[in-house]
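J.: Have a look at the structure that comes next, please.
The values are calculated or read from the model by the stated rules, or taken from the named source; none is laboratory data. These numbers come from a predicted model, not from an experiment. Here Cβ is always computed from backbone atoms with ideal geometry, including for glycine, and neighbour counts include all displayed protein chains. Heavy atoms of the whole protein, side chains included, go into the accessibility calculation; ligands, DNA and RNA do not. Shrake-Rupley method; radii C 1.70, N 1.55, O 1.52, S 1.80 Å.
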Amino acid sequence: MSSGGAEDALRFAGRTSSDPADAVSRWKATTGGKAAGCLPLYIPEEILHASGMLPVTVCGDEYRVVPEPCPWEIIDGWVLPPVSGLPPESVNFLPEAFTVLPQVSLGFPSRGMKVPSGEEALDRVEMLREWAGDVSGMPANDGALSKSISVYNESRRLFSALEGRLASTPGAYSAVEVYRLFRSAMALPREAHTGLLRAALSRGPADVRRFRARIFLGGMTALRPVMEAIDASGAALAGEAFDAGHRTLEAMVDEAGDPALALARRLRSRMLGLAEEEVDPSWAARLLDRVEASGAERFLHLGTGSDAHMEKIGKLAEEAGKRGIPFLCLEMDLSPGWPEQRKERIASFLRKDRS
């Protein structure tokens with residue numbers, strides 16, 4: 001596809017990310033299908049997709065000023081994630097109708113390591129499968145579920161290709177463009193977004209921007225003001241490790257065998273990974289390996305300010321210090337009035353020389 005096709009795709013991603021609820025509304029009007037609101041993190045969207053629903057990830061920061069009525073009133077049911085400790089912004093913005101709409105929680109019983117057994121993970125997968133069939137009127141059989149797994153695996157391969165492009169060709173995409181590609185995936189049908197990603201990746205080398213420094217982003221999925229600050233500082237995004245659920249290659253699902261069992265294994269694996277971050281210090285070294293492999297000269301981590309998160313940040317800061325990589329943790333604020341001084345902190349961090 002031509003570079004013009006890439007620019008068209010990026011513009012479409014921009015329109016979708018600026019008003020995701022409108023994109024969902026148009027999908028519903030076109031297909032007659034139902035939309036499932038997914039609060040982050042680690043929801044097996046393949047099950048919703050196989051039931052003919054549109055999985056819509058809702059973080060709570062989609063609109064700088066939330067219009068009235070709440071745009072998410074178009075959602076037909078809500079899925080609560082298997083992880084605890086949702087940021088309050090992910091719940092406070094929800095419309096009053098949230099309490100009366102169909103809901104399902106994938107949460108596991110609270111205990112030390114928070115790692116479910118294989119049987120518990122499979123139980124959550126089947127619970128969501130039954131719920132989605134009830135809400136959509138189209139239960140997901142194994143054939144449909146296997147097809148959805150293939151669709152999402154292809155999306156992950158293209159996201160991986162995008163990350164590779166960021167590392168190999170810094171400046172090929174602005175930070176805001178990357179933000180648009182990530183956020184549009186949260187509101188578009190997966191097949192449509194896969195086509196959009198494929199078109200965006202066709203952008204040629206002539207479109208590469210000049211840049212001042214390479215930066216690696218981690219933590220929460222970045223807010224638009226963060227990406228704007230990166231672009232305004234003349235930096236290039238070289239890589240990312242956002243807490244973005246099942247988007248990465250690590251979330252690939254085995255396409256052979258029982259699809260529900262494969263999804264259960266993936267769910268348990270992701271929960272095990274979260275638990276390892278609490279007790280295994282080597283995860284910080286592995287993440288800094290990724291930072292170095294990307295060629296990034298700075299590491300910006302976006303956090304929540306919770307006690308558990310601050311302990312995590314301490315480990316990252318220590319490992320970055322050992323490697324001489326400048327590190328900044330920025331506590332995020334999902335409220336509409338995101339302080340301008342936070343933008344200045346990012347700009348200062350990106351401008352300073354690496355010692």
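J.: Using a 7 Å offset from the Cα along the Cα-to-Cβ direction at both residue 318 and residue 7, what is the distance between the two label points in nm, to one decimal?
T.: In this crude label model, residue 318 to residue 7 measures out at 5.0 nm.
J.: Something else now. With label points built 7 Å along Cα→Cβ from the Cα atoms of residue 269 and residue 123, find their separation and express it in nm.
T.: 2.3 nm
J.: Now a separate question. Could you state, as a whole-number percent, how many of the C-alpha pairs of the stretch 170-227 are farther apart than 13 Å?
T.: 67 percent
J.: Once amide H atoms are placed 1.01 Å from N in the peptide plane, what residues at a sequence separation of 5 or more from residue 103, or on another chain, have their amide H within under 5 Å of its amide H?
T.: The list, which skips near neighbours in sequence, is 78.
J.: Further, regarding this structure: Once label points are set 7 Å from the Cα along Cα→Cβ at both residue 18 and residue 351, what is their separation, rounded to one decimal in nm?
T.: Result: 2.8 nm between the two label points.
J.: Taking θ = phi - 60°, what integer Hz values does the Karplus form 6.51 cos²θ - 1.76 cosθ + 1.60 yield along the stretch 169-174, in sequence order, with x for Gly and Pro?
T.: These are the phi-based 3J(HN,Hα) values: 9, x, x, 5, 9, 6 Hz.
J.: Something else about it: Rounded to the nearest whole Å², what accessible area per residue is found for the stretch 117-272 with the 1.4 Å probe?
T.: Value returned for the stretch 117-272: 37 Å² of accessible area per residue.
J.: Using amide H atoms built in the peptide plane, which far-off residues or other-chain residues are under 5 Å from residue 240 H to H?
T.: Placed amide hydrogens put 217 under 5 Å from residue 240.
J.: Treating only the Cβ of Lys, Arg, Asp and Glu as charged (+1, +1, -1, -1), what charge dipole size does the stretch 1-50 show about its Cα centre? Round to the nearest 20 debye.
T.: That gives the stretch 1-50 a dipole magnitude of about 180 debye.
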